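Enquirer: My structure is below; once you've seen it, I'll send some questions.
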2 protein chains.
Amino acid sequence: MKAQATVSATVQIGDLERFSVSALTAVGVPESDALTTARALVTTDSWGIFTHGSKALPRTVRRVRAGGLRADAVPTVITDGPAWSVIDAGAAIGQVGSAFAMQRAIAKARVTGLAYVGVRNTAHFGAAGYWAAMAAEQGMIGVAMSNDHPSMTIPGAKGRVLGNNPLAFAIPSGRHPPVLLDMALSTVAGGKLWAAMKLGKTVPADWSVDSDGKPTTDPSALFAGGALTSMAGHKGYGLAVLVETLSAVLTGAAVTSQVLEWFVDRPDLPTKGGAAFIAIDVGAIMPMREFAARMEKLVDEIHAAPRSAGSERIYVPGEMEWERRAQAQTAGIALPEDVLDELRQLSRDLNVELPASIA
Amino acid sequence: MKAQATVSATVQIGDLERFSVSALTAVGVPESDALTTARALVTTDSWGIFTHGSKALPRTVRRVRAGGLRADAVPTVITDGPAWSVIDAGAAIGQVGSAFAMQRAIAKARVTGLAYVGVRNTAHFGAAGYWAAMAAEQGMIGVAMSNDHPSMTIPGAKGRVLGNNPLAFAIPSGRHPPVLLDMALSTVAGGKLWAAMKLGKTVPADWSVDSDGKPTTDPSALFAGGALTSMAGHKGYGLAVLVETLSAVLTGAAVTSQVLEWFVDRPDLPTKGGAAFIAIDVGAIMPMREFAARMEKLVDEIHAAPRSAGSERIYVPGEMEWERRAQAQTAGIALPEDVLDELRQLSRDLNVELPASIA
């Protein structure tokens, strides 16, 4: 696909966080929850993952205003054991429930070595990788996942059966930034088909099926009763069932089609989805210095692997994102036009001033 | 690919288990360890996964005789916490160390809700799904994985960088058999390329790369310095790093190329790989009756999904394998010719009598 001409403008991380906090507090979100949410969204932007960054701010604000997200929600522990909890997020902003849950998983893992915290009655939590990375910052292996309204078909079926349930993990890696993978369980994200459709392009036949369940190169078929395919066929399908189980079946959250659609369903109704967070306290299991040295060796070995023709460099998972973040911390984040449009509209709607560099 | 004419012979599960126990005890494996190993291998055969079933028996016997697998090994706990342990399997038969580890994970999860048990100095453990299913039989969600000698390349590289590390999970599913997925993290198993090469067929270009790291449709390139590709590109690559970490980095096992090759390396040397087992005690977190009803609803919903043209039935992960096992429990297992050849040769080598039906 040819690169499109895009207009971008650059904003400092702190400025974008402050704007995000102001926008959220303007609709009644408590300051600390606003900051939790802003940090998650802006960190994701700084990784260059703009689909899951501050672009979500207007939709979050809209749902808070309509009541589908509750600004005054306080996540509560429903059931609890030595190495696990189940939380009811109370229809809080997804980031608020997720921060509560992962922090609890980390605290419990400090005692028992590892912990699972499942969440019901939560909402879109942005990038799963942000929550996994939160554990890695504390010297733990973090895993984060959620279910979602169905968008994927499965082998033998037509139509949408399971969500393209995101799954992420992060591993502290010594002097290297954490190894970090954040993936959906569909072959590609729906956004790629949307973009191809807008450009009038075809797509590989294994990305999606039409309304009859037949593979198609026409990206518009996805939006006319079609469905995404699962990553690697039965493997992505199976992993999606695992994520559905840990996020929703085991937490009492809404399962599959019972989850409302974040993008299109009524903003006054909670989406009711589930999420799950796992933390493994590396330092409890192996001296952290030894683990770090072993991870460094693995990362160094991967970096040093012979390269294929045309390959300039081998990346470990997450490395590109951490490099983009490091650059953003000094040079700021170059937000693409679609994100700028959303933020400018939000600024007008709420009468909250944008940072000058992107106003 | 056209089905090949194959010769098979049918054996009862109990008869094949008894033969396997006799073969193992004939080379000095204690009766209980022999039974543990035999049950794992024969259950895998009964699922129809003949690549990981009793076909491995001759190689196991060969390594026990040569000393690379220790018949007298007793897995020992190296370090231990409330919800985790690290085990040194002492170069025991892979199934012996794995049974010890998963049983320990299950016992710990009964107390804390979930547990991780990592294993170093272990060996090929057969089908990862067998260990996951062991937890599901106890009402737990089970996860099992191991690292392996590199066979996969990764994006940007050429040559073999990571193992096609197996990863499996099983979920108790009420009146349905456990949802069960057992996958390698390569696009396909090397055995598929071997079979295509023997038949003089080409393979899809995304299955493997040649010695220059270029995609190839020639299956023989894999065996001339080529490598398997990772499932779904960066996703399978990332998951392989996670499995490597939990199985080997965190357990003190041999990592990547330090693991000897089960198939080709000297049989008198331990392969030194690692494995990891996780058990989540569903009944601690949610009343089992409620969880079972919720899983049944999910499975029923998947079964009832609209079918694509030509699709006669939608399977949940593992369903085909459990149906094959149910059939095998009455009708016996129809072993394919390659497995029969191996077992007949072993019977002659050890002077241990085969069950009459396959002799």
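Enquirer: Yes or no: the range A:303-311 includes at least one residue that is closer than 24 Å to A:Met183 by Cα, within 7 Å of chain B (Cβ to nearest Cβ) and surrounded by fewer than 20 Cβ atoms within 10 Å (Cβ to Cβ).
Expert: The answer is yes; a qualifying residue exists.
Enquirer: I've got another one for you. Given the condition open to solvent by less than 10 Å² (accessible area, probe 1.4 Å), at the interface with another protein chain (Cβ under 9 Å from one of its Cβ atoms) and modelled with pLDDT of 95 or more, answer yes or no: does some residue in the range A:255-265 qualify?
Expert: yes
Enquirer: Looking at B:Gly174, B:Gly156, which is the one that is out of contact with any helix residue (DSSP H, G or I) (no Cβ under 9 Å at 6 or more places or on another chain), open to solvent by 10 Å² or more (accessible area, probe 1.4 Å), modelled with pLDDT of 95 or more and farther than 20 Å from B:Gln258 by Cβ?
Expert: Just one listed residue meets the conditions, B:Gly156.
Enquirer: May I ask you to list the residues in the range B:71-90 that are open to solvent by 10 Å² or more (accessible area, probe 1.4 Å) and under 20 Å from the mean Cα position of the chain (by Cα)?
Expert: Scanning the range B:71-90 gives B:Pro75, B:Asp88, B:Gly90.
Enquirer: Go through the residues of the range B:275-287 one by one and say whether even a single one is within 17 Å of A:Ile302 (Cβ to Cβ), assigned to a helix (DSSP H, G or I) and at pLDDT 95 or above.
Expert: For the range B:275-287, residues within 17 Å of A:Ile302 (Cβ to Cβ), assigned to a helix (DSSP H, G or I) and at pLDDT 95 or above: absent.
Enquirer: Tally the residues that are of a type outside the set (D, E, K, R), out of contact with any strand residue (DSSP E or B) (no Cβ under 8 Å at 6 or more places or on another chain) and touching a residue at least 12 places away in the same chain (Cβ under 8 Å), restricting the search to the range A:323-350.
Expert: Count: 7.
Enquirer: Here's something else I'd like to know. Condition (residue is surrounded by 19 or more Cβ atoms within 10 Å (Cβ to Cβ) and charged (D, E, K, R)) applied to the range A:329-351: is it met by at least one residue?
Expert: For the range A:329-351, residues surrounded by 19 or more Cβ atoms within 10 Å (Cβ to Cβ) and charged (D, E, K, R): absent.
Enquirer: A follow-up question, please. Output the residues belonging to the range B:22-66 that are open to solvent by 10 Å² or more (accessible area, probe 1.4 Å), touching a helix residue (DSSP H, G or I) at 6+ places or on another chain (Cβ under 7 Å) and within 12 Å of B:Gln95 (Cβ to Cβ).
Expert: Scanning the range B:22-66 gives B:Asp33, B:Leu35, B:Thr36, B:Arg39, B:Thr43, B:His52, B:Ala56.
Enquirer: From the list B:Thr10, B:Thr43, B:Thr25, B:Thr51, exactly one residue is over 26 Å from B:Pro166 (Cα atoms) and touching a residue at least 40 places away in the same chain (Cβ under 8 Å). Which is it?
Expert: Criteria check complete, one pass: B:Thr10.
Enquirer: Of the numbered conditions (1) assigned to a helix (DSSP H, G or I); (2) hydrophobic (A, V, I, L, M, F, W, C); (3) over 21 Å from B:Leu354 (Cβ atoms), B:Val86 fails exactly one; give the number of that condition.
Expert: For B:Val86, the exception is condition (1).
Enquirer: Got a sec? Which strands (runs of 3 or more DSSP E) wholly within the range B:120-218 have at least 2 residues that are away from every other protein chain (no Cβ under 11 Å) and closer than 28 Å to B:Ala284 by Cα?
Expert: Strands (runs of 3 or more DSSP E) meeting the threshold: B:140-146, B:176-183.
Enquirer: Residue check: is B:Val111 buried (at least 20 other Cβ atoms within 10 Å of the Cβ) and either without any contact (Cβ under 8 Å) to a residue 12 or more places away in the chain or outside any loop (DSSP other than H, G, I, E, B) (or both)?
Expert: no
Enquirer: If you go through the range A:285-298, how many residues are touching a residue at least 40 places away in the same chain (Cβ under 8 Å) and surrounded by fewer than 21 Cβ atoms within 10 Å (Cβ to Cβ)?
Expert: 4
Enquirer: Restricting the range A:266-284 to residues that are more than 17 Å from A:Asn164 (Cα to Cα) and among the hydrophobic types (A, V, I, L, M, F, W, C), which is most open to solvent (accessible area, probe 1.4 Å)?
Expert: Within the range A:266-284, the match that is most open to solvent (accessible area, probe 1.4 Å) is A:Leu269.
Enquirer: Would you check if there is a residue in the range A:3-10 being among the β-branched types (Val, Ile, Thr) and surrounded by 20 or more Cβ atoms within 10 Å (Cβ to Cβ)?
Expert: no
Enquirer: Related question: I need the full set of residues from the range B:219-250 which are within 20 Å of A:Gly318 (Cα to Cα), more than 7 Å from every other protein chain (Cβ to nearest Cβ) and assigned to a loop (DSSP other than H, G, I, E, B), in order please.
Expert: B:Thr229, B:Gly233
Enquirer: Hey, can you tell me all the residues within the range B:299-322 that are free of Cβ contacts under 8 Å to residues at least 12 places away in the same chain and either assigned to a helix (DSSP H, G or I) or not hydrophobic (A, V, I, L, M, F, W, C) (or both)?
Expert: The answer is B:Asp300, B:Glu301, B:Pro306, B:Arg307, B:Ser308, B:Gly310, B:Ser311, B:Glu312, B:Arg313, B:Tyr315.
The values are calculated or read from the model by the stated rules, or taken from the named source; none is laboratory data. Keep in mind it's a predicted model, so treat the numbers as computed, not measured. All Cβ positions, glycine included, derive from the backbone under ideal geometry; neighbour counts span all protein chains shown. The area values use the complete protein model at the heavy-atom level, side chains included, leaving out ligands, DNA and RNA. Shrake-Rupley method; radii C 1.70, N 1.55, O 1.52, S 1.80 Å.
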